[in-house]
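One structure is given here, and the rest of the page talks about it.
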Amino acid sequence: MRNKRMNVGLFIADIKNDFDNAVCRGVMQGAKENDVNLIIFPGHYLKPRYSDIEHNRTAYQYNTLFSYANGKSLDVLMILMGTVGTMLSSREKKIFLDMFQDIP
């Protein structure tokens, strides 16, 4: 029986952000070197505080991507909480992370 290929998920806040983009490039390289599948969930910041009302009104739609991550399809989940959750309190971060507690 053949071993299944590992599925790794990565939550980022903004693919246009230089830091998140650099992390994606590094993780993509690591996934290639280790022969694993990588699924990048390009969400946005949770609870954004932008002065642009129109941007705030639609930003949450990106974050619906996070709800597709589950332990049935992912073996490992990496979350860039420093960017994804930069606007959250410690309590709010814990609540968010608890949604994915079935994924290492």
Of the criteria (1) out of contact with any Leu (no Cβ under 8 Å at 6 or more places or on another chain); (2) modelled with pLDDT under 90; (3) part of a helix (DSSP H, G or I), which one residue 91 fails: (2)
In segment 1-36, residue modelled with the lowest pLDDT [restricted to those that are open to solvent by less than 20 Å² (accessible area, probe 1.4 Å) and under 16 Å from residue 81 (Cα atoms)]: 13
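Matching residues to (1) modelled with pLDDT under 90; (2) more than 24 Å from residue 21 (Cβ to Cβ); (3) of a type in the set (Val, Ile, Thr):
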{"position": "67", "(1), (2), (3)": "no, no, no"}
{"position": "71", "(1), (2), (3)": "no, yes, no"}
{"position": "82", "(1), (2), (3)": "no, no, no"}
{"position": "86", "(1), (2), (3)": "yes, no, yes"}
{"position": "103", "(1), (2), (3)": "no, no, yes"}
Neighbours by Cβ (under 7 Å, 6+ apart or cross-chain): first from segment 1-13, closer than 16 Å to residue 35 by Cα; second at pLDDT below 90 and in a strand (DSSP E or B): none
Residue satisfying all of: in segment 37-65; part of a loop (DSSP other than H, G, I, E, B) and under 18 Å from residue 98 (Cβ atoms); modelled with the lowest pLDDT among these: 47
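The values are calculated or read from the model by the stated rules, or taken from the named source; none is laboratory data. Values in this document were obtained by computation on a predicted structure and should not be read as measured data. Quick reminder, even Gly has a Cβ in these numbers, built from the backbone with ideal geometry, and neighbours come from all protein chains shown. Ligands, DNA and RNA are stripped out before the accessible areas are found, and what is left, the full protein with its side chains, is counted by its heavy atoms. Shrake-Rupley method; radii C 1.70, N 1.55, O 1.52, S 1.80 Å.
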